[in-house]
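In what follows, a single structure is set out as structure tokens and then discussed.
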Amino acid sequence: MKKKSGILALAGLGLTALGLWMALSQGEKPGWPPALPYLLLGLGCGVFGHGTGSWISGKILEGDPQIERRARIETADERNQMIGNRAKAKAFDLMLYLFAGVLLVFALMGWIRWRCCC
């Protein structure tokens, strides 16, 4: 687990550096898609954060077996799983309506633009 999280952190750092380099040198070489540097930058930051968090968590848990035991019990507890599932269900219901509204707004924005500009 420790090696995997360290590799993830390094890969994220590499993706972030590549995205930053591409974003800064985009004026010199416009051969790649314009959104690619920013996609790599965001993906690299996310992977770096996940790898670093896993590494720090592993370091903390390896030092104290009591904390590791307590964390394992908390993740396997049925009550916590039920609470998590209910929260996921409520978030899904909310996002369903939000995404539908956003899609409707974007569709109307495209229609209004088409009707006004032609």
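Can you work out the Karplus-derived ³J(HN,Hα) for every residue in the range 10-22? Use 6.51 cos²θ - 1.76 cosθ + 1.60 with θ = phi - 60°, whole Hz, and x for glycine or proline.
Per residue, the Karplus-derived 3J(HN,Hα) values read 5, 5, x, 5, x, 5, 5, 5, 5, x, 5, 5, 5 Hz.
Which one of GLY110, SER54, ALA9 is farthest out on the positive end of the charge dipole of the chain, using unit charges on Cβ (Lys, Arg +1; Asp, Glu -1) and the Cα centre as origin?
GLY110
So if I place +1 on the C-beta of Lys and Arg and -1 on the C-beta of Asp and Glu, and nothing else carries charge, what would the dipole magnitude of the range 1-114 be about its Cα centre? I want it in debye, nearest 20.
It works out to roughly 100 debye.
Could you go through the range 51-57 in sequence order and give the Karplus-derived ³J(HN,Hα) for each residue, using 6.51 cos²θ - 1.76 cosθ + 1.60 with θ = phi - 60°, rounded to whole Hz, and x for Gly and Pro?
x, 5, x, 5, 5, 5, 4
So what are the ³J(HN,Hα) numbers for the range 33-42, from phi and the Karplus equation (6.51, -1.76, 1.60; θ = phi - 60°), rounded to whole Hz, Gly and Pro as x?
Ordered by residue, 3J(HN,Hα) equals x, x, 8, 4, x, 6, 5, 5, 4, x Hz.
Since every read-out is calculated from the coordinates, none of them should be taken as a lab result. Everything numeric here is computed off the predicted structure, so don't read it as measured data. Virtual Cβ from ideal backbone geometry, glycine too; neighbours counted across all protein chains shown.
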